[in-house]
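**Q** Quick one: the structure is below, and I'll ask about it shortly.
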């Protein structure tokens, strides 16, 4: 599935140097990931209703260029790996006006119940698991 998420940079997301503070990219990636889940037909609210949580286990980002206030970034999230227990989402972030890469990265997750106990999604929720596998 090809999915992109566009976002305009707000002034408050920049630092004293006028560039987006690195910590904000984690939020941007989460926004894109949640929007991708919506597009996949499994919004996070639905997953929670089913008793499924997807906590973040790790984040890896490589910053290539900076963006500033009012720039528009285009985030392309994609499923790199999913085995029903763990999930890795990759991200490419570009500056829309220059088409240059701003960031590449990934987030690693696991599937848990509401008590944060690991679950095997493919056994408990095969229909949802299939959406991550495809």
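Each value in this text was obtained by applying a stated rule to the coordinates, not by laboratory testing. Only a predicted model underlies this, so the values are computations on that prediction, with no experimental measurement involved. Every residue, glycine among them, receives a Cβ derived from its backbone with ideal geometry; neighbour counts consider all protein chains shown.
**Q** Neighbouring Cβ atoms within 10 Å as the yardstick, rank 87, 47 fewest first. Display every interim value, and only then the final one.
**A** Values: 87 20, 47 17.
Going from sparsest to densest Cβ surroundings: 47, 87.
**Q** Can I ask one more? What number, rounded to the nearest 500 deg cm²/dmol, is the helix-based mean residue ellipticity at 222 nm of the chain, given -39500 (n - 2.57) per DSSP H run of at least four residues and division by all its residues? Don't skip to the answer; put the middle values down first.
**A** Details: 4 runs with 34 residues, N = 134.
Computed ellipticity for the chain at 222 nm equals -7000 deg cm²/dmol.
**Q** What is the distance, in nm, between label points placed 7 Å from the Cα along the Cα-to-Cβ direction at residue 8 and at residue 120?
**A** Each label point lies 7 Å from its Cα, and together they span 4.9 nm.
**Q** Using only Cα atoms, tell me the angle between helix 24-39 and the longest principal axis of the chain; keep it within 0 to 90° and round to the nearest 10.
**A** Compared with the principal axis, the helix lies near 50 degrees.
**Q** Determine, for each peptide in 55-62, 109-116, 76-83, the mean count of other beta carbons within 10 angstrom over its residues, then list the peptides with the highest first. Show your work: numbers first, answer last.
**A** On the way: 55-62: 12.1, 109-116: 14.2, 76-83: 16.2.
Highest mean packing first, the order is 76-83, 109-116, 55-62.
**Q** Which distance in Å, rounded to a whole number, links the C-alpha centroids of segment 69-127 and segment 1-46?
**A** Cα centres, segment 69-127 to segment 1-46: 11 Å.
**Q** Please grab the % of Cα pairs in segment 49-125 that end up more than 22 Å from each other. Could the numbers behind the result be given before it?
**A** Working: 1130 of 2926 pairs.
Tail of the P(r) past 22 Å holds 39 percent of the pairs.
**Q** Most fluctuating residue of 49, 106, 30 in a GNM of the chain with Cα springs under 10 Å: which is it?
**A** Its mean-square fluctuation being the largest, the pick is 49.
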